1. Can you give me the ranges of the helices (runs of 4 or more DSSP H) entirely in the stretch 566-674 with at least 3 residues that are closer than 25 Å to Leu706 by Cα, touching a Phe, Trp or Tyr at 6+ places or on another chain (Cβ under 9 Å) and of a type outside the set (Val, Ile, Thr)?
2. Quickly run through the stretch 558-583 and pick out the residues that are among the basic types (Lys, Arg) and within 18 Å of Phe519 (Cβ to Cβ).
3. Determine, yes or no, whether Gly360 is small (Gly, Ala, Ser), more than 23 Å from the chain's Cα centre (by Cα), within 18 Å of Thr739 (Cα to Cα) and surrounded by fewer than 18 Cβ atoms within 10 Å (Cβ to Cβ).
4. If you go through the stretch 729-737 one residue at a time, do you hit one that is modelled with pLDDT of 95 or more and within 15 Å of Leu478 (Cα to Cα)?
5. Report, by residue number, each residue of the stretch 443-461 that is surrounded by 24 or more Cβ atoms within 10 Å (Cβ to Cβ) and over 11 Å from the mean Cα position of the chain (by Cα).
6. Any idea how many residues of the stretch 191-236 are modelled with pLDDT under 95 and of a type in the set (Asp, Glu)?
7. Quick one: in the stretch 557-582, of everything that is touching a residue at least 24 places away in the same chain (Cβ under 8 Å), open to solvent by 70 Å² or more (accessible area, probe 1.4 Å) and over 28 Å from the mean Cα position of the chain (by Cα), which residue is nearest to Glu733 (Cα to Cα)?
8. Provide a single number: the residues in the stretch 538-556 that are surrounded by 18 or more Cβ atoms within 10 Å (Cβ to Cβ) and either among the polar types (S, T, N, Q) or without any contact (Cβ under 8 Å) to a residue 24 or more places away in the chain (or both).
Amino acid sequence: MERSPALVSREVIGRRGPLIYSRTRRTLAATAAIAAFSALLDAQEARVFDGAPPANWIAPPGVPGDSFTVFHARRSFELASVPPRFVVHVSADNRYRLYVNGVQVSSGPQRSDVTHWRYETLDLSPHLRAGRNVIAALVWNWGVARPVAQHSHRTGFLLQGNGPVEAALVNTGIGWKLLRDPAYAPIVITTASMGNYYAAAPGDSIDASHYPWGWERAGYVDDAWLLVSPPARRADAAPLTAFDGASGEALVGRVKRRAIPPGEYGEVSGWQLEPRSIPPMEEKEQRLARVRRATGVETDGAFLRGSGDLIIPARTKAVLLLDQSHTTNAYPVLETSGGARSMVRLTYAEALVDSAGHKGNRNEIEGRTLRGVRDVFLPDGGARRRFQTLYWRSFRYIQLEVATANEPLRVHDLHGIFTAYPFVERARFASDLPWLADMWRMNWNGARIGAFETYMDTPYWEQLQYIGDTRIQGLISLYVAGDDRLLRQAIEHFDLSRIPEGLTASRYPSALTQIIPPFSLIYVAMVHDYMMHRDDPAFVRARLSGVRGILDWFGRHIDTTGMLGPMPHWNYVDWTPRWDRGVPPGADNGHSTAISLLYVYALQRAAELEDIVGSRGTGADYRAREKAVRAAVRARAWDSSRRLFRDAPDTSAFSQQTNVLAILVDAVPNVVQRGVMERVLTDTALTPASYYFSFYALEALRMAGLGDRYIERLAPWQTMLRLGLTSTPENPEPTRSDTHAWAAHPNYGLLATVLGVRPYSPGFRTVRIAPALGPLRRAEGRVPHPSGDIGVQLVREGQRGLRAEITLPRGLSGVLEWRGQRRQLREGRQIIRFE
C-alpha cells in the first residue's frame, strides 16, 4: 500500500502549522476526463494515499474550461464524534478558498504550471464537530483575463481524503453540490487603460442581489444546487479522455497512483499534482490609517476602525480618499447595510498623480488624483453584507466612491486582510546614522510585499517572478529572514522553464513565454548563491544539467573574435534611458562587452559549482572558456586612453554596467580595479546603472577595496525617503512602480558589506566577517544562519582601531578581518580588538 506523500514527508499541516516539505517529487497524475462518473469503483482501480479511493475533479456543467467562472461547492456529512485527525488534500484551477463550518481554513493552490500543479494538505479535525459538518469551497477561473503568471488547464476543484474514512465522506464527486455564481463579473484591466504594462489580475464586479449569502455556513439551505451524480451512459460508450467544454456532465478527472504512468503509452495530460512546498500565506487584519479627503459626505473615519458607520444618504454621490500610510497587499473587505441599487467603487493606487501625471511626494494629495485597478460592489439592500475581493490588491491609497439610489447606504467597515509570504524579520541592523533605520524599514516593506506564492517584480503591475529581480530578492530573504523555501522554489521554477535550446525563460511561472538570455546567466549566479548559503548539495547537483545547457547555448554564440556574436531574443541588461529597451550596444548585432563579461561571470560561478557538486573536468573547461573570453574582451574593448572598457569594440559608448562587470570578473588586475571603480563613480559621461544594477555596482565597489564608500553610495535611497516612498521603486522618477524589491538590496548590503558577514566556504559552513563601516562609528546587527544567528557589534576606537563583539552559533567558525589584519573566530561570544 502506498502511503500519502504527506505521511512520508515531515508533517501534515494543520490550521497554520508546518508545511509538507518533501524533497522528492511525488506526482499524482490527474487525468483530464469528463467521462461518465461511476459511483462504483472498479475493484482493480489503483488506490492512493492510505488506501483511499481516488477523488474526482468537479465543476458545474456547461462551463467552458477557459472562461471566467466563479462557483461554489459544498459537501455535508455527519460525524458521531470528532476524529483525532481528518486529513484531506485540496486543489483547484485557477484558485480556491476552502471553508469548514463557515471558517476559512485554506486558500490556494500554490502557483505553478500545469505539469507541476500544487495541492495543499490539511488536517480538518480542529474545525469539525459531532453531528452535521459542511466543507465548502469558493472556486474561480479568471478565464482570458487571468494574470500572465497564472497557468491553467481548465476550471475544476479537487478534494481528496487521505484515508478511506475521509474519502468516503468528502472526496469530490458524487454527493457534492455545485452552484455557478452569477454575482461575479470581471473588470478587465488592460495596459492601454493603465497607461503602462499591466499583467496582474482583473478587478471584480459583485452584484449582491445574485450572491448566495451564507453559502459557506452549515445552516445554509442548498436544496436548489446541482447535485453531482453519475450521468446516464450507454453500455457500449467508450470512456472520454479529454474535457468536453460543451458537455452537460459534471467534470471528472481521476487521480492516479504515482507508480502507474499517466497513460498506458506514456501520454501526459492535465494536472500533474505535487504537494505544496511552501508555507501558507500570511493573512491578518490591517486597518486603513485615515480619511485624507471627502466630498459629498462628512465622516470622522470611525468606519475605518470598525467603530462607527459611514452613512451616505439617498440619491447622493460621495468620494473619499483613504490612506493606508504605506504600500501594502491586502484583500479589501467592505461591510454594508441597505443601499439597494447603489454602487460602490474601490480604486487602488500606489500613489496619486498631478495634472501632468507626475507622482511627486507620495504623502501629498492637494491637486492630485487617483487612477488604477478597481472593484465594484452593488449592494442589494440587505443587512450586514460582507464583500471581499477574490484576490488581493496592492495599494497605498484607496478611493471609495459611492452613488446611492432611493435608499441610504450604511458602511459599517472597510479594512484589508494583509497577505504576503510569511517571512519573519530575524535580521537586525542599527548604527549611529539614524536614516539608515528608515531605509531598512522601507526596503523590508518592499521585499515583503514583493513576495507571495512566488517572488514578484511588482505586486501592483505584473506579479511576475523574473530572474533578475529574484536573485536580489532571494539574497534579501536569506539575510533578513533566514528562509530559503521561496528561493528554492524560484530556482526550481526557472529550471523547469528551460526551452529545448537550453535557455531559461526570463520569468516563471508565466503563461506567456519571454526569453531574456542575460537573465539565464543570472540564474547560474542564483544557483551559486544557494550553494554558498545552504549545505544542500543534492539540490544544487540537480540544477547542473540546466546550468550546463545555458552555458553551452552561450558557448555556441562565441564567434571568431572570442566574444559573443549576435544573439536572438531580448538582450536586456539594465533599464537606462541611453539603452533602447535596456539592451546594451553590441547585444543584438554582436560583441557586447557587458554580456560577454556576464557570460564570464556565470562561467566562473559554474566552475565552482562543478568543483563542489559536479565534474571537476567540466569546471576546468569552464575556467578555460572564461579566461579566453576575458582575454578577448581585454584585447578588443579596453580603451587605454579612458582606462575603461567600451560597451562594444566598435562603439565610443561607455557604461557603469560594463565596467562594474569587468571588476567583478577580474577582467583587469587587482591593482587596477580601484582606479576603474573610481572612474565608474566619477565619470558622468558613463551610462549610469539603475537601482537594479546598482546591486552589482555596490558589489564591485567592495571587490575593488572601496567598501568603506558603500554608505555614501546610498544617497538615492535618501531621496526615496524624502519623496515619501514606503517601498523601493522600479526606477528614479518618473517611475511606473512604487514597489520593486530589486531596489531593496541595501538591506542585504548593510549586513553583507557594512557588517561584512558572508559565507567563507560553500554551505555557509564557515563565515568571513570583514566590516566596511565607512563614516559609521558604531554598527551592530544580527544575520540568520542555518545553525542560528550571527551577532555582530562593532565600535570604532580612535582613528583605526575597532572593538568587535562577535557571537557565532554552535558549530560555526570563521575569520574576522579589519584593515589587513585577521583573527580566527569560534562558536559562541568573543570580544576582539584591533589597534
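The values are calculated or read from the model by the stated rules, or taken from the named source; none is laboratory data. As the structure is a computational prediction, the values presented were derived from the model and not from experiment. Quick reminder, even Gly has a Cβ in these numbers, built from the backbone with ideal geometry, and neighbours come from all protein chains shown. With ligands, DNA and RNA removed, areas are computed over all heavy atoms of the protein, side chains included. Shrake-Rupley method; radii C 1.70, N 1.55, O 1.52, S 1.80 Å.
1. Answer list for the stretch 566-674: 593-613, 656-664.
2. Within the stretch 558-583, just Arg581 meets the criteria.
3. So Gly360 fits the description; yes.
4. Among the residues of the stretch 729-737, not one is modelled with pLDDT of 95 or more and within 15 Å of Leu478 (Cα to Cα), which makes the answer no.
5. Asn443, Gly446, Tyr460, Trp461
6. Result for the stretch 191-236: 1.
7. Selected residue: Arg578.
8. 0
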